[in-house]
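**Student:** One structure is given below, represented as structure tokens, and several questions about it will come after.
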Amino acid sequence: MAYKACIFDLDGTLADTLRSIAGFGNDTLSAFGLPAIPVEDYKQLVGNGADVLMDRMLRTVGADLSPEERKRFRQEYDRRYEAQPMRLVTPYPGLPELLSELKAQGLKLGVLSNKPDNMTRYIAGELYGAVLDGVHGQRAGVPKKPDPTAVLALAGELGVELGEVLYVGDSGVDMDTGRNAGMDPCGVLWGFRDREELLSHGAKYLAAHAQDLRAIALGQPQQA
């Protein structure tokens with residue numbers, strides 16, 4: 001079927017932010033006298049929001065911070081990130097052109113991320129702002145993905161039925177989000193997690209390239 005809307009995750013799906021997140025994370029660790037984490041390891045640390053990222057980073061380096069130190073650690077990370085949100089951030093190949101084509105075909109396009117709302121809006125706006133119809137990140141009082149609350153609300157803003165939405169992401173959290181909302185989940189293979197994780201969390205489709213995602217969104221897919 002051809003879909004009437006696509007809702008995308010941001011990190012690892014529309015935006016290659018791995019080096020960016022790792023850079024800010026390691027700068028923050030350094031500021032607290034803690035060792036750096038290899039960039040590739042951040043692929044397994046991200047995806048569940050900034051608070052969980054902080055916890056996983058500290059656990060990885062074996063740091064036991066007090067609640068007050070933990071608060072200052074998060075503040076330091078946020079300060080660095082908000083000062084240079086586009087540092088080392090690029091769109092994945094073919095995605096700007098694809099989103100422009102889908103928009104021209106009449107699809108509604110949204111972004112939903114567990115990244116803080118201000119940074120989600122800024123980065124999505126810088127990379128894709130002209131074609132997006134709705135963007136949300138993590139907001140106070142709204143459960144994070146894979147809870148479906150936020151994605152259901154975004155579908156309502158886009159004015160589409162749940163069965164008309166393709167939910168696109170790079171992680172098991174995203175596949176769970178799509179399924180929990182009654183949307184078809186599509187996993188992308190250029191992001192932070194692997195094929196096995198995506199399939200084990202119920203991906204209906206897999207896309208290895210932008211053209212694969214185009215075919216799926218426009219109703220010419222190969223099943224996962």
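The values are calculated or read from the model by the stated rules, or taken from the named source; none is laboratory data. What you are looking at is a predicted structure, and each value in this text was computed from that prediction instead of being measured. Because the Cβ atoms are built from the backbone with ideal geometry, glycine has one as well, and the counts that use them run over all protein chains shown. Surface accessibility is based on the protein's heavy atoms, side chains included, excluding ligands, DNA and RNA. Shrake-Rupley method; radii C 1.70, N 1.55, O 1.52, S 1.80 Å.
**Student:** Of 210, 119, 104, whose Cα points farthest to the positive end of the dipole of the chain (charges on the beta-carbon: +1 Lys, Arg; -1 Asp, Glu; origin at the Cα centre)?
**Tutor:** Farthest towards the positive pole: 119.
**Student:** Here's another thing I want to ask about it. Just to verify a number: what accessible area does residue 72 come out at with the full protein assembly present, 1.4 Å probe, Å² rounded to tens?
**Tutor:** 110
**Student:** Need one number for the range 123-184: average projected area of the convex hull over its C-alpha atoms, nm².
**Tutor:** For the Cα atoms of the range 123-184, the hull's average projected area reads 4.4 nm².
**Student:** Additional query: In whole Å and largest first, what semi-axes does the C-alpha gyration tensor of the range 34-142 yield when each eigenvalue is scaled by 5 and square-rooted?
**Tutor:** Semi-axes (√(5λ), whole Å): 31, 15, 12.
**Student:** Further, regarding this structure: Using only alpha-carbon positions, what ratio does the radius of gyration of the range 88-195 give when scaled by 2.2 N^0.38 Å?
**Tutor:** Ratio of Cα Rg to 2.2 N^0.38 Å: 1.01.
**Student:** What do you reckon, how do 171, 30 stack up by accessible area (1.4 Å probe), largest on top?
**Tutor:** I get 30, 171, largest accessible area first.
**Student:** Helix 95-104 against the longest principal axis of the chain: what's the angle in degrees, Cα atoms only, rounded to the nearest 10?
**Tutor:** Value to nearest ten degrees: 40.
**Student:** Suppose a student asked you for the relative contact order of the chain, using Cα pairs under 8 Å spaced at least 6 residues apart; what percent would you report?
**Tutor:** With pairs under 8 Å counted, the relative contact order is 25 percent.
**Student:** So how exposed is residue 68, as accessible area in Å² (1.4 Å probe, rounded to 10)?
**Tutor:** Surface accessible to solvent at residue 68 totals approximately 110 Å².
**Student:** Here is a further query. Nearest 10 degrees is fine. How inclined is helix 149-158 to the longest principal axis of the chain, computing both from alpha carbons?
**Tutor:** 50
**Student:** Next question, about the same structure. Could you please report the charge total around residue 106, scoring K, R as +1 and D, E as -1 over all other residues with beta-carbon less than 13 angstrom from its beta-carbon?
**Tutor:** It works out to a net charge of 0.
**Student:** So what is the 222 nm mean residue ellipticity for the chain from helices alone, if each DSSP H run of at least 4 adds -39500 (n - 2.57) and you divide by all residues, rounding to the nearest 500 deg cm²/dmol?
**Tutor:** So the helix-based figure for the chain works out to -13000 deg cm²/dmol.
**Student:** Just to be sure I follow the rule: in the chain, considering lysines 8 or more places apart or on different chains, how many pairs have Cα atoms under 28 Å apart?
**Tutor:** 26
**Student:** Leaving out ligands, DNA and RNA but keeping every protein chain, what accessible area does residue 16 have, in Å² rounded to the nearest 10, with a 1.4 Å probe?
**Tutor:** 50
**Student:** For the chain, with only Lys/Arg (+1) and Asp/Glu (-1) charged at the beta-carbon, what is the dipole magnitude about the Cα centre, in debye rounded to 20?
**Tutor:** Using Cβ point charges on Lys, Arg, Asp and Glu, the chain gives about 220 debye.
**Student:** Please pull out the direction-averaged projected area of the chain, using the convex hull of its alpha-carbon atoms, in nm² to one decimal place.
**Tutor:** Mean orientational projected area (the chain, Cα hull): 11.4 nm².
**Student:** A follow-up question, please. For the full complex of protein chains and a 1.4 angstrom probe, list 40, 69 by accessible area with the highest value first.
**Tutor:** From most exposed to least exposed: 40, 69.
**Student:** Quick one: what are the phi-derived ³J(HN,Hα) couplings along the range 116-132, Karplus 6.51/-1.76/1.60 with θ = phi - 60°, whole Hz, x for glycine and proline?
**Tutor:** Per-residue couplings from phi come out as x, 4, 5, 6, 4, 5, 5, 5, 4, x, 5, 8, 9, x, 5, 10, 8 Hz.
**Student:** Let me ask another. By accessible area of protein heavy atoms, probe 1.4 Å, what ranking do 209, 201 get, highest first?
**Tutor:** Final ranking, largest accessible area leading: 209, 201.
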